[in-house]
Structure formats: C-alpha cells, structure tokens
Amino acid sequence: MLRPLLVAALAVLTATACAAAGTAEPTVPHGFSIEKIASVRDARELAMAPSGDLFVGSGGSEVYIVARADARQPDPPRIFARIDDAPVAGVALSDNALFVGGQFGVYRIPYHAGDVHASSAPEKLAAVRTSGISRDHQTTSLAWNGRALYASVGSSCNGCKPELDATRATIQRVNVATHRLTPIALHIRNAIALAIRPRTGALWAGVAGIDDLQPGHPYEIFDDVTSHHLPVDYGWPTCYENRKVHPKWPGDCSHTPIPRVVFPAYETPIGAVFYPGNPHGRYAFPASYRGGAFVTLHGSWHDFGGLVPPRVVFVPFRNGSPIHPVNWSNPDAQWSQFVAGYQSGPTDRIGRPTGITVGPDGSLFVADDLSGAIYRIRPR
C-alpha cells in the first residue's frame, strides 16, 4: 500500500539519489550485457510484438511504442495511444489487438504488424474499480495467453472488509467478445505481476502482501493461479504464507492455496515473464535460464533502517515446476539475483524495475518507473 505522504517523501529521496548517481546503471551477471535503449517517463508493463516493436504502459495517460527495440539502434519512443484513464500501466498484445489496462477500465486497440500509432480510438471492454473511487493500488495489470485476457485489480487498502467493489483484490478473466468479467482469483491483495507460461497458457501471479505484520513477514508470493479450482480464494486479509491467520483478521485459512514460490517480505513483485524453453534468436540465453521465470522486484517503501532494494531475480523451473520447493524458513531459497545495482546503501536508488518481457531474438527487456529507462539485456 503506497501511502501518499510516504510516496512523496520517497520520490524526493530517490530522485535526489538518481541525479547524484549520474550515468550509473544496474548490473548483470558475468557473460551478459545491459544497455539502455530508451527512456519513457513512469514506464510500467511491457509487451513485445513478433516484429520486435516494444509497447510500454505508463503511469500517465500514454501508451508508448519503441519500434525495432531489438535492432542495433532502436527508434526513439513515440506515443502509440492516449487514454484518459491514467495510469494506463497494463499492456498485453494479441495477434490483432493491443489491450490496455487503465485505472477504471480495460481497453482494446486494433493492431496490425508495423503500426506505430493507434489506427482507431480505444474500445472499452470492461469497467474495473466500479466504485469510481481512486484509492491505493491504481494500476491494472494484464496478460493474454492466446485465448483469454486476464486483468488484475489491486485492493483499495492494506487490510479491510468489505472492499469498495467486487473487482477489487481480484484477478478477472475478460471476455473480449461479450465484455463480461469473470473472477478467477478472489481476496488477492495486489497481484500486480502477471505472467503466462508458454505452451500451457497457465497464468502465474506475483502478489504483494499485507503490510502490518512483524518485520520479515508476510513473504511475497508467485503462484500458478490457474492450477487451482477457480475461482480460487487467497484469503486476504485473513490468510498469508503457509495458511497462517492474521491476528487482526481471524478466520479459517485451512483451504487457501499454498503458493509455489516465495520472496522475502516487501520485495514487491511487479512484473514477471517466463523465458522460452526453446528460443531460436541470436541472443538466446544459456540453457540454464530456459523455461524459468524472471521477476522484477520493485523494492519497498518501508524503511526498517533501510529500504528493501529493487532487483530482478530468476526462478529456475524444470518440467513446469520450480526446481527448488518453498522453504518456509528461508524465502531466498528458490531464486537468484539477476539484475542488481538499483540501490546503494540503505536508501540511495537509481531505479526501480517494473515491466519485463522477452524479444523475438531472445533479448530480455526491463522497464524502470523511477528513472524511466528501458534496458535490453543480452548474452555477450
């Protein structure tokens, strides 16, 4: 939950640190290179076209396109469409449409390969946050699996009952023909990182947990939503971690799902992508990364003598499951750090990663809503 005064203070702090850092950039493991290819203010989710054109959602009213993002010299960012529903943070691409998640709606824009601006006005497919109240968690995340469109809508509070409306703290399936919403996940605080597993079409969600527990809890989660009987109830604000019960919100957690992957508290998963299992591009990652998940962790606004640092992590998979099972005594056991260097010392930051996607040539693209940078990562 991003409280306005804390956010304003953190913005001043991080902007000062970013200016002081000058040309500092994040770091990647030996054998990889990272390059800033574009700058988009408040860059959020990313969606990649087969042509190599990259769509960028934002914290404003604009959706951008970076044409030829996989080229040696990509085109400068340009506005693809404007929608008066800021933030238009969520983007997902099908064969013939760009889907956009705004604060109060999900939209469709016709798209044909090579388009660099919208050919017609956005069509509103569905309303979200139907109370009309702008409070907390204002971004709508999207994912398209080739058959279904999913939209995640965060809660209006850290912990509350009842919610402002039935779309809050849910993941919805959006019927693009009838415009009907069907909830597939309930009582899920802020499932902001949505990712589709290739070939299976399974929907995974990275979720930011409740804020007021003891330091170090709750663990953040990354779970296969569509592996459960739908709609699946994650139990927020009552339930967390391994079916634990929140002391302020008593209830029965015996039937809530046990997540497949966990991260330490306050890491804030905000973007995720599965790397292809059989990439063919010239910049394909080594075999150890194939089929695994990259997750962007936005870092914390909580300052427990220092902020939890932003980073991009990698979760290895084998046969559709994380290689390492959840260890409830060690939330660092399932993943390794892949992109680091966003924070030096307790509070000085040069960026906070957000959207993430894979290009047709195998390159990994990562957005940053603090500096506005779009990075491209490739094996050397």
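Restricting the stretch 1-31 to residues that are at pLDDT 95 or above and surrounded by 17 or more Cβ atoms within 10 Å (Cβ to Cβ), which is nearest to VAL116 (Cα to Cα)? Checking each candidate, the answer is PRO26. Please verify whether VAL174 is without any contact (Cβ under 8 Å) to a residue 60 or more places away in the chain, over 30 Å from PRO74 (Cβ atoms), in contact with a Lys or Arg (Cβ under 9 Å, 6 or more places away or on another chain) and not hydroxyl-bearing (Ser, Thr, Tyr), treating the condition exactly as stated. It is false that VAL174 is without any contact (Cβ under 8 Å) to a residue 60 or more places away in the chain, over 30 Å from PRO74 (Cβ atoms), in contact with a Lys or Arg (Cβ under 9 Å, 6 or more places away or on another chain) and not hydroxyl-bearing (Ser, Thr, Tyr). Of the residues GLY146, GLY90, GLY132, GLY114, the single one that is of a type outside the set (Phe, Trp, Tyr), in contact (Cβ under 8 Å) with a residue 60 or more places away in the chain and open to solvent by 40 Å² or more (accessible area, probe 1.4 Å) is GLY114. When the stretch 182-202 is filtered for residues that are over 14 Å from the mean Cα position of the chain (by Cα), assigned to a loop (DSSP other than H, G, I, E, B) and among the polar types (S, T, N, Q), only THR200 remains.
Looking only at the stretch 263-285, count every residue that is surrounded by fewer than 21 Cβ atoms within 10 Å (Cβ to Cβ) and over 18 Å from LEU203 (Cβ atoms) and tell me the total. The number of residues fulfilling the criteria is 8.
The values are calculated or read from the model by the stated rules, or taken from the named source; none is laboratory data. Values in this document were obtained by computation on a predicted structure and should not be read as measured data. FYI the Cβ positions are ideal-geometry reconstructions off the backbone, even for glycines, and counts take in every protein chain you see. Note: areas computed on protein heavy atoms with side chains; ligands, DNA, RNA excluded. Shrake-Rupley method; radii C 1.70, N 1.55, O 1.52, S 1.80 Å.
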